[in-house]
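To start, the structure itself, in structure tokens.
The values are calculated or read from the model by the stated rules, or taken from the named source; none is laboratory data. Every value quoted in this text rests on a predicted model; they were computed, and no experiment measured them. Using ideal geometry, Cβ is built from the backbone for each residue, glycine included, and neighbour counts are taken over all protein chains shown. Please note that ligands, DNA and RNA were not included when accessible areas were found on the heavy atoms of the full protein model with its side chains. Shrake-Rupley method; radii C 1.70, N 1.55, O 1.52, S 1.80 Å.
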Amino acid sequence: MALAGYSPVYCNACLRRLDWEHKEALDYINAFLTSNEQDEAKNLKFLDSISSLRSLPAFMDQVLLVEKITELIDHESVDSLTGVMRQQAMLAIMKLSKVKLSVWLLTRPRLLTTCFSSIFSLPPAHTMEEVEAALYTKALKTMDEMLKALVCEDKEPNLVVLQNIVKEVEEFSVLGQLVGCLTLCRAEQEQEICQSAVEGLRHLYSFMLHLKSEILRKLGAEYRQILKNSQVETAFWVTNTRNITLIFGKYLEPSEGMDFLLTAIGGMRDSSVHGAVATRNMLHTILEVPGLRWWRMSEAVRSIYNHLDSISEPLARQELRRALLLLGYRFSEEVVGTLLGCSRSCDSVAAEMWKMLTSQPNTSRKILGELVSRLQEPARRRYQLSERPAGFPPLANLAQTSCVSH
């Protein structure tokens, strides 16, 4: 018995049309791959054709296909956003993921680096005109959806793929920044933001635990201890900023630990969108994480120097002073060397940082000892110091002033 409204002829016509559209898309893609096309309209049609595919034939050159998409994104300007090429390219990547193109081809470092730089190298959204800012928002959302499509299988993250994305794309080693931003967002009053941050932290924690366990799997007892710790940690780790910071901190590499620290320092500015209390707590706890190591110490000193004038809240400045004292005590050589470079203009911020460093006896002794050591370097070094710009205070005077004050 025929169903009401059912027409075999109509459905067959629909199928023939779909087959024709699929074949037309494949023909256009194959022709494009062998051309050197520069026309924007034809480039967009190539990407649209990919997005309309229902399957991927075995004879298609998949490597060349990915390379062509990469080239189209790479040719986009990083100074402005005037079209939808980036967005359409990332939609094409999503489609290729759905038609089962090898995920290892779609997560090649060059493709991902190009996608990221095409968005993150653009000027900040708040400096754009309304139309361009809207395009930026859509492109950013599309990139987020693309990454989810590449990483998630059956709504669960593929940790191996996630590891490939985060670890192979060295130009965007943002693990420490990501932990910091998600930790601060978790403390937001807006429930939607808070819940999204919690979900992101859970996935990120699973990923980091996966990395750690892969390294230690052969070490037996230590691997079992990690699994035991993870079972305990997941019961309480999202309850507050301190717990999150302590748990993530022990898994971060030195460079990632510095990114974590820099995120906290930048988040303390008066203009920051993050809450002052959560930011202070995160900075305070970062400095207490057992075994957390830091590289690029000069960046922390310069960050404090760049942001100190933008931090007026008394408790925030107090926490920043504590951080500088601790860094000065642990890394006196790097801190002194960097701050001397910042002091060439002899401004009030540098003077305030020297006062902070000499406000506590233990740190003061190490800082002044480092200054004296520099004064006693060979004659060549002393001659170089004598060539300092006008207004640069002599080290001897600085050391003498600080000694008198103590």
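Within the stretch 334-365, the set of residues being over 13 Å from residue 301 (Cα atoms), assigned to a helix (DSSP H, G or I) and of a type in the set (Gly, Ala, Ser) comprises 345, 348, 351, 364. Applying the criterion of being of a type in the set (Ser, Thr, Tyr) and within 19 Å of the chain's Cα centre (by Cα) to the residues of the stretch 242-296, the residue that is surrounded by the most Cβ atoms within 10 Å (Cβ to Cβ) is 279.
Criterion applied to 81, 72 was being open to solvent by less than 30 Å² (accessible area, probe 1.4 Å), at pLDDT 85 or above, touching a Phe, Trp or Tyr at 6+ places or on another chain (Cβ under 9 Å) and assigned to a helix (DSSP H, G or I), and the one residue passing it is 72. If you filter the stretch 319-333 down to residues that are in contact with an Asp or Glu (Cβ under 9 Å, 6 or more places away or on another chain) and either over 23 Å from residue 280 (Cβ atoms) or not in a helix (DSSP H, G or I) (or both), you find that the one that is most open to solvent (accessible area, probe 1.4 Å) is 333.
Answer yes or no: is there a residue in the stretch 219-241 that is at pLDDT 65 or above and surrounded by 14 or more Cβ atoms within 10 Å (Cβ to Cβ).
Yes, the stretch 219-241 contains at least one residue that is at pLDDT 65 or above and surrounded by 14 or more Cβ atoms within 10 Å (Cβ to Cβ).
Here the condition is being without any contact (Cβ under 8 Å) to a residue 60 or more places away in the chain and within 26 Å of residue 174 (Cα to Cα); of 69, 29, 50, it holds for 69 alone. The C-beta contact set for the stretch 346-370 (first residue touching a residue at least 12 places away in the same chain (Cβ under 8 Å) and open to solvent by 50 Å² or more (accessible area, probe 1.4 Å), second residue among the aliphatic types (A, V, I, L, M) and assigned to a helix (DSSP H, G or I), distance under 6 angstrom, 6+ apart or interchain) comprises 360/325.
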